[in-house]
Protein chains: 2
Amino acid sequence: MTDYNIKYTDYQQAFECVLTKFCDGLNCKPDILAESLKYSLQLGGKRIRPVLMLAVGDLLGLNRERLLNYALALELIHTYSLIHDDLPEMDNDDFRRGKPSNHKVFGTGNAILAGDGLLNTAYSILFSECFNGNDNVSAAKYICDCAGINGMIAGQSADLSQENSQNVDEEMLDFIYENKTAKLIMAAVVTPSILCGGKYYSELRAFSRDLGYLFQLTDDILDVEGSFEKLGKSIGKDGTEGKYTGIKLYGLDGCKIQADLLAERCVKILEGLDGDTDFLKGLAYFVRQRIY
Amino acid sequence: MTDYNIKYTDYQQAFECVLTKFCDGLNCKPDILAESLKYSLQLGGKRIRPVLMLAVGDLLGLNRERLLNYALALELIHTYSLIHDDLPEMDNDDFRRGKPSNHKVFGTGNAILAGDGLLNTAYSILFSECFNGNDNVSAAKYICDCAGINGMIAGQSADLSQENSQNVDEEMLDFIYENKTAKLIMAAVVTPSILCGGKYYSELRAFSRDLGYLFQLTDDILDVEGSFEKLGKSIGKDGTEGKYTGIKLYGLDGCKIQADLLAERCVKILEGLDGDTDFLKGLAYFVRQRIY
């Protein structure tokens, strides 16, 4: 394994420990509510947001313990967004990470409640952190606003509204990329900075915005070139369903050129920071080249 | 107008002012997202949770300004729960407050996002309050937990799971009443106590739990005896759809007897408190006798 892979696995395992403890301790009735929450949380996934948060925490010299609940809350928010996004009246995806989507297992009503439950629980965890002082409140509110009506929810709403529109407009595509995808990546990266009194705030914000765009661009590329086996979700859907994607605006080759530029920009920003940024640079390259 | 009505109107208008300001200042894209949020918030309603919160604040001598954002957040949470509850795969209600439900106007996908957006915005408002100290954090977390997977969402999940079950069991009915309905009423009443360092905490908690049960009992009674014109929503649905209601367990007359007992218990608890509790007693009688 490369150094990058060893570190990724270390961060991922640290997070999986916290998540397993959370799932084991999940105590709510009726059984189907607890089961439906755990089902989606335990489908696996790259855990890229928690990994990013812990890695940036290390770069800033932050005690990992201070970040674990923020990482957990953010992954709960990400998971709720996938459950609601997969619903028939949203993206209508029957598969997620190679397994049936939440609503295919538990039904649409229970899936709506599972999503609501994950979102609400994320904030209950973050309110507990707020007892530790105003930096903690600022970090919690930043995550909340990234997920909200001027963040991820705005991006999802725009994405839904633009389905089947004939013209793809760069401004609208930017809006969707920034809000639907980049905002939660930004939450992961900027949260440790806020907890460190704003250290490297503007650099990390710029880095995570570019990384978020890159993540969505490679998602669009994989929707054309990827395989169900690797991705664990339906592919080719965005094109056939008239979604607003980078492919429509820039073409496949244009998207790849843009993705290269974004990865380079990410690395350049990291080079301006003191400390060991090798892992974060590796992560930007991984996102550029990912096949899942 | 009676004293009770004058006071109710005063509290309601104070809250409507805050809500109007919030709606006017709502700045999010795309337009359909902002419109769908405002549509459901501005459908009217009794605003019983904000009214209760402000009235208990007066009883405890709390500055009203300290409560307005809590009242706003709670009404946003209540409104999100109605939007998601009205969805076809949940309660499937086409009408709310005499107007088409959110999903009938904006479609199911947008209604899911409107609900998510209201819930998320409620917590953004409450995180802002958390900068004001640990009592404020405790109050915010209390509201969050009342709305969560050991509160309202648990009640909705149980309600959904029990549809069409043949046997109505008292323990399950209690669970649904307490969580689906009483928890947000408790949030309204207990929040001012938490902000006053816990003054009358246990008495107010007991009062609001009984008032919440009473509210759901009269809801069940109105589903049999009420009219669409007064209620603004479909009636008789719970019976025909095999919902778990007090009517099935106790019969209509049994429910009325229980409702009388609950209203008396509410008044008795209030009589044990110092200060002017006439308005809150009046509110308990109003809930018992309500026709809308």
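The values are calculated or read from the model by the stated rules, or taken from the named source; none is laboratory data. Keep in mind that this is a model prediction, so the values were computed, not measured. With ideal geometry, Cβ positions are generated from the backbone for all residues, glycine too; neighbour counts draw on all protein chains shown.
Quick notes
- For the stretch A:198-230, a residue qualifies if it is under 18 Å from A:Asn134 (Cα atoms) and free of Cβ contacts under 8 Å to residues at least 24 places away in the same chain, and the qualifying residues are A:Gly198, A:Tyr201.
- Of the residues examined, A:Leu37 is not one that is more than 14 Å from chain B (Cβ to nearest Cβ), in contact with a helix residue (DSSP H, G or I) (Cβ under 8 Å, 6 or more places away or on another chain), closer than 23 Å to B:Cys146 by Cα and surrounded by 18 or more Cβ atoms within 10 Å (Cβ to Cβ).
- A:Gly198 being within 19 Å of the chain's Cα centre (by Cα) and either at pLDDT 95 or above or within 21 Å of A:Arg47 (Cβ to Cβ) (or both): no
- Apart from one condition, B:Leu60 fits all of (1) away from chain A (no Cβ under 13 Å); (2) in contact with a Ser or Thr (Cβ under 9 Å, 6 or more places away or on another chain); (3) more than 26 Å from A:Ser161 (Cα to Cα); (4) surrounded by 24 or more Cβ atoms within 10 Å (Cβ to Cβ); the exception is (4).
- Selection within the stretch B:79-120: residues that are of a type in the set (Lys, Arg) and over 18 Å from the mean Cα position of the chain (by Cα). The member of this set that is nearest to A:Asp145 (Cα to Cα) is B:Lys104.
A quick yes/no check of all residues on (1) buried (at least 21 other Cβ atoms within 10 Å of the Cβ); (2) more than 18 Å from the chain's Cα centre (by Cα); (3) farther than 21 Å from B:Arg47 by Cβ:
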{"position": "B:Leu204", "(1), (2), (3)": "yes, no, no"}
{"position": "B:Gly212", "(1), (2), (3)": "yes, no, no"}
{"position": "B:Leu217", "(1), (2), (3)": "yes, no, no"}
{"position": "B:Gly246", "(1), (2), (3)": "yes, yes, yes"}
{"position": "B:Leu252", "(1), (2), (3)": "no, yes, yes"}
{"position": "B:Leu261", "(1), (2), (3)": "no, yes, yes"}
{"position": "B:Cys266", "(1), (2), (3)": "yes, no, no"}
{"position": "B:Arg290", "(1), (2), (3)": "no, no, no"}
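- Taken as a whole, the stretch A:118-137 holds at least one residue that is of a type in the set (A, V, I, L, M), surrounded by 24 or more Cβ atoms within 10 Å (Cβ to Cβ) and touching a residue at least 60 places away in the same chain (Cβ under 8 Å).
- In this entry, B:Leu76 passes the filter for residues that are surrounded by 24 or more Cβ atoms within 10 Å (Cβ to Cβ), without any contact (Cβ under 8 Å) to a residue 60 or more places away in the chain, within 14 Å of the chain's Cα centre (by Cα) and more than 9 Å from every other protein chain (Cβ to nearest Cβ).
- B:Glu203 being outside any loop (DSSP other than H, G, I, E, B) and not small (Gly, Ala, Ser): yes
- Verdict on B:Asp86 being within 14 Å of chain A (Cβ to nearest Cβ), closer than 30 Å to A:Asp159 by Cβ and touching a strand residue (DSSP E or B) at 6+ places or on another chain (Cβ under 7 Å): yes
- Qualifying residue in the stretch A:189-197 (condition: without any contact (Cβ under 8 Å) to a residue 24 or more places away in the chain and not β-branched (Val, Ile, Thr)): no
- Residues (touching a residue at least 60 places away in the same chain (Cβ under 8 Å) and in contact with a helix residue (DSSP H, G or I) (Cβ under 6 Å, 6 or more places away or on another chain)) located in the stretch A:274-289: A:Gly275, A:Thr277, A:Phe279, A:Leu280, A:Gly282, A:Ala284, A:Val287, A:Arg288
- Filter pass, B:Leu262 being assigned to a loop (DSSP other than H, G, I, E, B) and within 23 Å of B:Tyr200 (Cα to Cα): no
- Taking the stretch A:117-185 and the helices (runs of 4 or more DSSP H) fully enclosed by it, the elements with 2 or more residues that are more than 29 Å from B:Gly133 (Cβ to Cβ) and at the interface with another protein chain (Cβ under 10 Å from one of its Cβ atoms) are at A:152-162, A:170-176.
- Conditions (1) surrounded by fewer than 21 Cβ atoms within 10 Å (Cβ to Cβ); (2) more than 9 Å from chain B (Cβ to nearest Cβ); (3) in a helix (DSSP H, G or I); (4) of a type outside the set (S, T, N, Q); number of the one not met by A:Gly197: (3)
- Index of the failed condition, A:Asp93 passing every other in (1) more than 14 Å from every other protein chain (Cβ to nearest Cβ); (2) surrounded by fewer than 22 Cβ atoms within 10 Å (Cβ to Cβ): (1)
- Any hit, the stretch A:2-23, residues being in contact (Cβ under 8 Å) with a residue 40 or more places away in the chain and in contact with a Ser or Thr (Cβ under 8 Å, 6 or more places away or on another chain): no
- Pairs linking a residue in the stretch A:251-270 that is closer than 17 Å to A:Glu225 by Cα to a residue that is among the polar types (S, T, N, Q) and assigned to a helix (DSSP H, G or I), with Cβ atoms under 7 Å and 6 or more positions apart or on different chains, are A:Ala259/A:Thr218.
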